[in-house]
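The values are calculated or read from the model by the stated rules, or taken from the named source; none is laboratory data. A quick note: this is a predicted structure, and the numbers were derived from the prediction, not measured. Here the Cβ positions follow ideal geometry from the backbone for every residue, glycine too, while neighbour counts run over all protein chains shown. Remember, those area values only see protein heavy atoms, side chains included, never the ligands or the DNA or RNA. Shrake-Rupley method; radii C 1.70, N 1.55, O 1.52, S 1.80 Å.
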Amino acid sequence: MSLYGRCEAPGQAWKIFVDMGSKDVITWTVMCVAYAQNGFRKEALQLFQEMQLEGRRPTSATLVAVLDTCAHLAALQKGRQIHSHIIENRFRMEMVVETALINMYGKCGKMAEAMSVFEKMAKRDILVWNSMLGAYAQHGYYDETLQLFNQMQLDGVKADAVSFVSVLSALSHSGSVTDGYQYFVAMLQDFSITPTPELYGCVVDLLGRAGRIQEAVDIVLKLSGCLPDGILWMTLLGACRTHNKTDQAKAAAEQVLERDPSHSGAYVVLSNVYAAAGDWDGVNRMRKLMRSRGVKKEPGRSSIEILNRVHEFLEGDRSHPRRHPIYAELDVLNSEMRAAGYIPDTKMILHDVEDERKEDMLFYHSERLAIAFGLISTPPGTPLRVIKNLRVCSDCHTATKYISKLRGREILVRDTHRFHNFKDGRCSCKDYW
Ligand code: ZN
Ligand code: ZN
């Protein structure tokens, strides 16, 4: 079962599991891990529940697997339940489980709860510190990230490349290019850390955010060919998009596509750059290129956990049993948003369609369906947590800001790039993502 799990064949593992006469706790754990490792998240949680019903005592490996699954799904209720289960059943708190708890609370945007686990720990290794640093940094809590980093040094734990990724991305969020450089230099000199492509990516992001595109380009060019540089070009492409640098965006996209011609993200970002510049020939060229190369845009998918169940929505999805109230809520929201000054940003839509139809397509992006479902399914004031499989588009970003203010809700959206914490009409990413 373990073999099949590791070879990405959890279905085969499941067959063996079902056929087994007697199962012990190891069997259950191996199956649960096989599901979790392969992204069969609902199945992993389901199996864990069955395991509990059978009165099996989970091992720390099972707990880590299910907590990681909850972190992935931002399934806070389920994660909290597992945490209470651990406390009620007096499991010995092992460091790996505590780390998984910190990570789970962090990914769900619950810093206080992550910190409370962190503070109660008797011993902390580098993984524990990195989990807590990562939790703060991902959500743009830069002061807390830097404080924690200092505390880590005082505790005598030596920072590694992962710790510095958190520190640099926190500084990037706060726009402190100079401080970022200082930390980067300290990292090279005092910590003798060899920079990973990810760390260089942080430096490029730091410069990009601050609008210092040319310096970012210079760094990427200098490094190009020395290390796997796809991530650097992609980061640069994002920066060029935000600052409307069409020519540099084009050059960066070419580099990404040279390395990975099927990178649908690069085509989409470049199309958006062309669209923003009103270059419709460019948009059409991109579309033709994607078609001729057989590249498909991944469909948008968002999920939200309500009452312990994870609900998933596709773009324009009408399969949910509560679709009618969901769409009605979106209609109400749209008119309230317009009254508050919202203007739909249709220029980012690639499709050749009339304006009205474009607006329709925007209004029913998967994250909006998930948010609307969250609004109608929870009492006023309840924070919402949504996971999106693609980068959030600029229009949904604007709309979510309005929704957070209009409905007085805190809305956490995790996309492939970062966490967006919407509150009171603002987002923690400060509109750069
Ligand atoms: Zn959108
Ligand atoms: Zn944001």
Using R₀ = 22 Å, calculate the FRET efficiency as 1/(1 + (r/R₀)^6) where r is the Cβ-Cβ separation of Lys430 and Ala112; round to 0.05.
-> 0.45
Among Leu369, Leu168, Leu148, which one moves the most in a GNM of the chain with springs linking Cα atoms closer than 10 Å?
-> Leu148
Among Gly156, Gly39, Gly201, which one shows the biggest mean-square fluctuation in a GNM of the chain, springs joining Cα atoms closer than 10 Å?
-> Gly156
Could you name the lysines in cross-link range of Lys297, using Cα to Cα under 24 Å and dropping any fewer than eight places away on the same chain?
-> Lys245, Lys250, Lys288, Lys347, Lys358, Lys388
Please find, in a Gaussian network model of the chain (springs between Cα atoms separated by less than 10 Å), the residue of Ala61, Ala252, Ala100 whose mean-square fluctuation is greatest.
-> Ala61
Segments 229-240, 407-418 sorted - mean Cβ within 10 Å per residue, highest first = 229-240, 407-418
Using the Karplus equation 6.51 cos²θ - 1.76 cosθ + 1.60 (θ = phi - 60°), what ³J(HN,Hα) coupling, rounded to whole Hz, does each residue of region 248-261 give in order, writing x for Gly and Pro?
-> 5, 4, 4, 4, 5, 4, 4, 5, 4, 6, 5, 7, 9, x
Tally Lys and Arg at +1 and Asp and Glu at -1 over the other residues with C-beta under 9 Å from the C-beta of Ala74: what net charge comes out?
-> +2
Work out the charge dipole of region 59-102 with +1 on the Cβ of Lys and Arg and -1 on the Cβ of Asp and Glu about the Cα centre, then indicate which of Ile87, Leu63, Ala100 is farthest towards its positive end.
-> Ile87
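How much FRET efficiency would the formula 1/(1 + (r/R0)^6) give for Arg338 and Ala277, where r is the Cβ-Cβ distance and R0 is 22 Å, rounded to 0.05?
Working: r = 26 Å, r/R0 = 1.20.
The value I calculate is 0.25.
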GluC sites (Glu not before Pro) within region 84-148: DSSP coil, no more than 16 neighbouring Cβ in 10 Å | Glu94
Treat each spin label as a single point 7 Å out from the Cα along the C-beta direction, and report the Leu227 to Arg309 distance in nm.
-> 4.6 nm
Expected unfolding gain across Asp155-Gln49 under the 0.36 nm per residue rule, minus the alpha-carbon gap, is 34.3 nm
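Please compute the per residue accessible area over region 187-265 with all protein chains in place, 1.4 Å probe, rounded to a whole number of Å². The partial results should precede the final answer.
Working: 3680 Å² over 79 residues.
I get 47 Å² per residue for this part.
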Shape call for region 302-427, from the Cα gyration tensor axes a ≥ b ≥ c (a/c under 1.5 means rounded, otherwise prolate when a/b beats b/c, else oblate), comes out rounded
For Lys42, counting only aspartates and glutamates whose alpha-carbon sits under 19 Å away and dropping same-chain residues fewer than eight positions off, the answer is Glu8, Glu50, Glu54, Asp68, Glu305, Glu312
Gyration tensor on Cα atoms of region 179-241, a ≥ b ≥ c root eigenvalues, a/c under 1.5 rounded, else prolate if a/b beats b/c, else oblate, says oblate
Where the only charges are on Cβ atoms (+1 Lys, Arg; -1 Asp, Glu), what is the dipole of region 61-167 about its Cα centre, to the nearest 20 debye?
-> 260 debye
Report, to the nearest whole %, how much of the accessible area of region 1-119 belongs to carbon and sulfur atoms, 1.4 Å probe, protein only.
-> 50 percent
Inter-label distance for Tyr327 and Lys42, nm, one decimal - labels placed 7 Å from Cα along Cα-to-Cβ = 2.2 nm
Shape call for region 1-73, from the Cα gyration tensor axes a ≥ b ≥ c (a/c under 1.5 means rounded, otherwise prolate when a/b beats b/c, else oblate), comes out oblate
Can you send over the carbon and sulfur percentage of the accessible area for region 302-427, probe radius 1.4 Å, protein chains only?
-> 50 percent
So how do Lys23, Lys245 rank on accessible area, 1.4 Å probe, biggest first, that is with the largest at the start?
-> Lys245, Lys23
Shape metrics for the chain, restricted to C-alpha atoms - Rg then Dmax, Å = 22.8, 66
Percent relative contact order for the chain, counting Cα pairs under 8 Å at least six residues apart, stands at 10 percent
